Amino acid sequence: AAIVRAILIGDRTGLDDETQERLQAAGTYHVLAISGGNIAILAGLILLGLRVCAVRAPVADVAAGVALVVYAWIVGGGASVNRATLMAVTLLAAHAIDHRSHPLNALSVAGAIGLCVNPHSLFDPGAWLTYGATFAIVMAAMWHAARLRAWPMWWRAPAGLLLASAAAEAALFPVSAFVFSRVTAAGLV
């Protein structure tokens, strides 16, 4: 129950020290952090629910953006939540006015806004991790889409997940080594 609470709303008060240390040693502690995955899942569920209720795209996009901002405020922000929320709101706003935006553009907008709001985030390892991992995943997704299109569908998804994880691990390797003096490949598993 404590782990589920930590994953959903970032409340780690129920986790004992031993569990936290074991997760850190295994390199899986990041699973407890509210991050882009939480924001993406929430955005998808909100958009799906609104579409099922026949809410049109511009209204659904704006409503989802507002809900994500409220969720980010409830869970207390943090580098990964702020980055993911800013990216999602940027993409939703572009979609609401019938524009398409590349994820790298949304990442750049999120980074620029994040630096304007908090210039000290330039020195925040959490920001290094979230922006580095996201950049690597977006670049891997572009490579994946271009090269694996001919693969059978049942191979593309696992290959994409492995590629995204490997790209994020590679991008975060120097930050993890420098900041935490610990590097792991547990994310691949």
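The values are calculated or read from the model by the stated rules, or taken from the named source; none is laboratory data. Quantities reported herein were computed from a predicted structural model and do not represent experimental measurements. Cβ sites come from the backbone with ideal geometry, for glycine too, and all protein chains shown count toward neighbours. Remember, those area values only see protein heavy atoms, side chains included, never the ligands or the DNA or RNA. Shrake-Rupley method; radii C 1.70, N 1.55, O 1.52, S 1.80 Å.
Identify, from the list 12, 51, the residue that is assigned to a helix (DSSP H, G or I), farther than 23 Å from residue 168 by Cα and open to solvent by 50 Å² or more (accessible area, probe 1.4 Å).
Numbers: 12 fails: assigned to a helix (DSSP H, G or I).
None of the other options fit; the residue is 51.
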Check your understanding: For residue 121, are the conditions met, namely being surrounded by 14 or more Cβ atoms within 10 Å (Cβ to Cβ) and either free of Cβ contacts under 8 Å to residues at least 12 places away in the same chain or in a loop (DSSP other than H, G, I, E, B) (or both)?
Key -> no
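Among the listed residues 167, 145, which satisfies the condition of being under 16 Å from the mean Cα position of the chain (by Cα) and modelled with pLDDT under 90?
Values: 145 fails: under 16 Å from the mean Cα position of the chain (by Cα).
Selected residue: 167, the only one of 167, 145 that is under 16 Å from the mean Cα position of the chain (by Cα) and modelled with pLDDT under 90.
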Point to revise | Where a residue in region 150-177 is on the phi > 0 side of the Ramachandran plot and its partner, wherever it lies, is part of a loop (DSSP other than H, G, I, E, B) and not β-branched (Val, Ile, Thr), with Cβ under 7 Å and at least six apart | key: none
Review point. Does any residue in region 87-98 that is of a type outside the set (Val, Ile, Thr) come within less than 6 Å, Cβ to Cβ, of a residue that is not in a helix (DSSP H, G or I) six or more places away or on a different chain, and which pairs are these?
Key: 91/101; 94/101
